[in-house]
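This report concerns only the one structure given below.
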Amino acid sequence: MANASTLDPITADALRDAVRAAQAGDLDGARARAEEAVPGSSDPAPLYAFLGMLAARAGDLAAAAGHLGRAHRARPGDATIACNRIAVLIDLGDREAALAVATPELAFNDSTLRVARYRGFLAQSLDRFAEAAEAYAFVIERAPQDFESWNNLGNARSALGDFDGSIAALEQAIALDPRAAPTHLNLSTALRSAGRRAEAEAVLRSAAESFPEDSHARHDLYVLLKGDGRHEEALPMLEAAVQRDPAHAGMQLKLGIEYGLVMETGKAEQAFLRALDVDPRARDAYLGLAIQYEHTNREEEFAPLIARAEASGADIGTLSFLRALEHRRAKRFEEGLAALALVPPEVEPERTAHLHATLLDRLGRSDEAFQWFEEAATRHAADPSEPLKRAAELRGELRGELAVMTPEWVAGWTGDVPPSHQPAPVFLVGFPRSGTTLLDTILMGHPDVAVLEEKPALNLVDDAIGGLNTLATMDPDAIAAARARYFEEVAKLVPLAPGQLLVDKSPLFLHKVPLIKRLFPEARFILALRHPCDVLLSCFMSNFRLNRAMSNFLRLEDAAALYDLSFSHWERANALFAVEAHPIVYERLIENVEAEIRPLFDWLGLEWHPQAVDHVGTARSRGLITTASYSQVTEPIYKRAVGRWHRYRAHLEPVLPALAPWAEKFGYTL
């Protein structure tokens, strides 16, 4: 604003009186004195500027913008008026208009650098990064100690793809002020963008140490480790971040999701509930809780969850998804479809499509159901983890193993197998969706059986020894060490009482027989069988977690190829080794549980235990069920899925030739 000595008398006197009134607390009097002087002033810009400041102080931003606009038009080169106008426009949310005030001409002729700083900030907030970088470069050329402008220049350059320039600017900002934690995070982001992930990790670890109470470095470290696939290292970082900022709903949500992935269902539930305490309308927290309740056999919790969501004002999409789940539980399938019609596309699109399909299937609308199952699979296939590629890699590995598995290969195995101090496990195998979860639940009901359900003990040993190609050259010490490692891993996962029989259930250990026979020559197998067409259809219809094996079920042709390879592997192993196996036929099992299970118990050397056939009671008491069968095993045995493939035969026709030989071998017809 101009010095009072350069103003005309009317303006100078009015400003002097108005300032005194404002200083005395008489803002109305100050405003009135300035307004009455405007018509007679030969240079009203200072009066408009003063009125704008009064209006801004009073919270009337629209009036402030009007007054300051008139002042700025009268004195376009006045940096103070321009900065005040910019500040008001920012507060009004009109950053485009604010940037229009901070022109290059004004910014680059303002010796105070205030307008240039505003210009850089505004251009950056509007994604006009080249203009932002130009403004920040102008500032630091004249104020090289301005660490904030160095930081902002680094961020603008990063957005432009100039990562080397970004890193240089951010390193300079840290050198000027190492106490600014956000700058360290920005540097880590730029390093990651430049592909220098190890350096980014080092920056974040240093920041976490330098700022022990700050959550952001730990959260960003979690994101980096997660992106590198280092999941076991990532979770503790997220836990540490949440510990420092428990009121951050977004991090609580991530923590709930992470706990769910590692089957820590109790912790997942608590994280989702804490997220709702912070943000009662958090959609993902409601959805996460619903999924946890479903997987832990607590579907009765759907109704209270819906009531909480309704009371909290959750959006209609979230409510409709939850209501669809409740309708399915209550077998109100038409009502479930009506609820799904209100779910917008962005709400759990894969699960919504799958839920659509299951409801239509239960209504007997098979062709429509199949279209929705395909929709769910297509969405899953588009996951950035490239599930179809990973599925093909597994099939390729199995083909390679089949080429290795010859009589000459087995004849060349070296070394004697040392005696074991523990009884060999029994391995429950079969193609997924063949009734293995029902069967392991029945076995869990026997007091003399401990079931290891799809846990990684054997896979960890397989990885440690180097896979199939190393089996031939294992010496007795290596076999003993691998066997010991297996039982060490088992002990971490399931309590094994003296005298209990260990049943290691993992369906696709169908293609681990060579490894199992190398470590446990006396191992026996329970082979679960079911009509190949029902198996394949059920796999396609299931909502699996997409590891390499389960990714094969996104397309029927891939599923059929995996089925053929899996049983080819099994049959080849049977031809090469003395495999003692007891078949359990799903169709007979659900027709008469006791008739199918009694011979199995006899074969296993177990006394008959009538409570074991109460699979519903066992399932409800076991808590988390980690397979896709979690909903079925908590119901009484049903027969609706037997022969279901006939309703979908037209869709299965392309894969029937691959299944026909196996159907015949196992006693089924097409």
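Which residues, counting only those in segment 57-71, are of a type in the set (G, A, S) and under 14 Å from A82 (Cα atoms)?
Taking segment 57-71 and keeping what is of a type in the set (G, A, S), we get 58-59, 62-66, 69, 71.
Matches in segment 57-71: A64, A65, G66, G69, A71.
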*Those residues of segment 66-112 which are buried (at least 16 other Cβ atoms within 10 Å of the Cβ) and β-branched (V, I, T), in sequence order*: T80, I81, I86, V88, I90, V101
*Mind listing whichever residues of segment 289-307 are in contact with a Gly (Cβ under 9 Å, 6 or more places away or on another chain), at pLDDT below 95 and assigned to a helix (DSSP H, G or I)?*
I291, Q292, H295
*Checklist (1) charged (D, E, K, R); (2) modelled with pLDDT under 95; (3) out of contact with any strand residue (DSSP E or B) (no Cβ under 9 Å at 6 or more places or on another chain) applied to E453, failing item*: (3)
*Tell me, which residue of segment 17-43 that is out of contact with any helix residue (DSSP H, G or I) (no Cβ under 7 Å at 6 or more places or on another chain) and part of a loop (DSSP other than H, G, I, E, B) is farthest from R95 (Cα to Cα)?*
A24
_Among the listed residues A173, A181, A133, identify the single one that is of a type in the set (A, V, I, L, M) and either touching a strand residue (DSSP E or B) at 6+ places or on another chain (Cβ under 8 Å) or over 23 Å from E201 (Cα atoms) (or both)._
A133
*Within the group A271, A240, which residue is outside the structural domain of R351 (by TED's automatic domain parsing) and within 28 Å of R328 (Cβ to Cβ)?*
A271
*Which residue, of R433, R365, R351, is without any contact (Cβ under 8 Å) to a residue 24 or more places away in the chain and farther than 26 Å from A482 by Cβ?*
R365
*Mind listing just one residue for me: the one in segment 561-620 that is among the β-branched types (V, I, T) and either out of contact with any Asp or Glu (no Cβ under 9 Å at 6 or more places or on another chain) or outside any strand (DSSP E or B) (or both) and, of those, nearest to E408 (Cα to Cα)?*
V579
*Inside segment 155-174, can you point out the residues that are crowded, with 22+ Cβ neighbours inside 10 Å and closer than 22 Å to T103 by Cα?*
N155, A156, R157
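The values are calculated or read from the model by the stated rules, or taken from the named source; none is laboratory data. Here the structure is a predicted model, which is why all the values come from computation and not from measurement. Note that each Cβ is placed from the backbone with ideal geometry, even for glycine, and that neighbours are counted across all protein chains shown.
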